[in-house]
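The values are calculated or read from the model by the stated rules, or taken from the named source; none is laboratory data. All values derive from a computational prediction rather than experimental measurement. Here Cβ is always computed from backbone atoms with ideal geometry, including for glycine, and neighbour counts include all displayed protein chains.
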Amino acid sequence: MSNTAQHRLGRSFGALVADVWHGLFGSAANTAITLVTLLALAWALPPLIEWTILDATWTGTAADCATRDGACWAFVAAKLRFVFFAFYPADLQWRPGLVMVILLALLAASALPRFWRRELMFAWPLAIIACWLLLSGGGGLVPVSSNQWGGLPVTLFVWATCFGAATPIAILLALARRSKLAGLRTLSVIYIEIMRGTPMVAILYVAVLILPMALPDAAFDKMIRAMIMITLFWAAYLAEVVRAGLQTIPDGQQEAASALGIGYWRSMQLIVLPQALRVVIPGMVNLAIGFLLATSLLAVIGIFDLLNAARASATDPAWLGFYNEAYFLVAIVYFVICFSGSRYSIWLERLLRRAPRATAT
């Protein structure tokens, strides 16, 4: 390494240290927060390390875990497949495993602006159909009832499908709420306020109990009914976030587009919506994280998501009562997903701020 490169590296490292020090101790408030945080860590970390590592049981049976006071990671090893796949038949668990791979790959591709092309918009519906066929059975696959689905594949599938389907509905609702047509605006307001004023548990009960009685001839699977209602429910919340972004765009931009002969929908597609959606990225990511955690409410209609599969795993008579370890595992999975989404939001904001013209087109 040359002297110039070493000098630049030393300056950047010094600047990093200075920024960290300023952030931790740059003011009286920062210093107080830092000291309180260090005291809290000093109080919480030693017993946590003792429970998770020093006194933990890594292999063996429930009887081996009973002889020690720490975590029973042997339980996690024995129940890992159940936590991730719940009651799905063991010999067919490659199918929900493939569903996770498909969804995570598409989520990763959707997160990168270089893949923001029209082909990606068509890839998502095809992927959702493929995931449904893999889970339920189709094209020669052994049928599996939705009552046997569960674990992480169901959490990811419901979350990705419903959030993706709710987004275009939310955009239309937001535009309708800002419409100059009084009737359309009123209908949008009524729909959004009713949905936002109804608990998600009630929405799920409507999907399972009310819809079959209201539409007896429509023999939809319980999972399909739940996902339709969840999509409509989430769309109302997303619509308010999108509307907040639309309100930040000056009316003069749309008026200028109209003066140039650009129609309403074209101006929304090319001018207004790209800017509005860029503004509300933090809000949409925050809602996406909240929606991911809300999938645990599927348990009220008998669908085992990741959290409820973990809870059920601790009711096995052979491993009775190891709820702490099950919840600890699920907390790590949720944290990894949510923290990754939060960091991605920050990265995407910075990227769009640096290259607004390239991303708007």
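Between Thr186, Thr167, the distinction of being polar (S, T, N, Q) and in contact with a helix residue (DSSP H, G or I) (Cβ under 7 Å, 6 or more places away or on another chain) belongs to Thr167 only. Screening the candidates Leu181, Leu215, Leu238 for the property of being surrounded by 13 or more Cβ atoms within 10 Å (Cβ to Cβ) and assigned by TED's automatic domain parsing to the domain that holds Ala123 yields one hit, Leu238.
The helices (runs of 4 or more DSSP H) found entirely in region 248-361 that carry 3 or more residues being buried (at least 16 other Cβ atoms within 10 Å of the Cβ), out of contact with any Ser or Thr (no Cβ under 9 Å at 6 or more places or on another chain) and assigned by TED's automatic domain parsing to the domain that holds Ile171 are 281-294, 306-313, 323-354.
For region 151-169, indicate whether the set of residues that are in the same structural domain as Trp94 (by TED's automatic domain parsing) and loosely packed, with under 13 Cβ neighbours inside 10 Å is non-empty. Yes, region 151-169 has at least one match. Against the definition (under 27 Å from Ile281 (Cα atoms) and either buried (at least 18 other Cβ atoms within 10 Å of the Cβ) or not assigned by TED's automatic domain parsing to the domain that holds Leu298 (or both)), how does Leu126 come out, yes or no? No, not satisfied.
Is there a residue being in contact (Cβ under 8 Å) with a residue 40 or more places away in the chain, surrounded by 15 or more Cβ atoms within 10 Å (Cβ to Cβ) and touching a Phe, Trp or Tyr at 6+ places or on another chain (Cβ under 9 Å) anywhere in region 195-202? Scanning region 195-202, I find at least one residue that is in contact (Cβ under 8 Å) with a residue 40 or more places away in the chain, surrounded by 15 or more Cβ atoms within 10 Å (Cβ to Cβ) and touching a Phe, Trp or Tyr at 6+ places or on another chain (Cβ under 9 Å), so the answer is yes. Note on region 39-137: no enclosed helices (runs of 4 or more DSSP H) hold 2 or more residues that are in contact with a strand residue (DSSP E or B) (Cβ under 7 Å, 6 or more places away or on another chain) and farther than 30 Å from Trp319 by Cβ.
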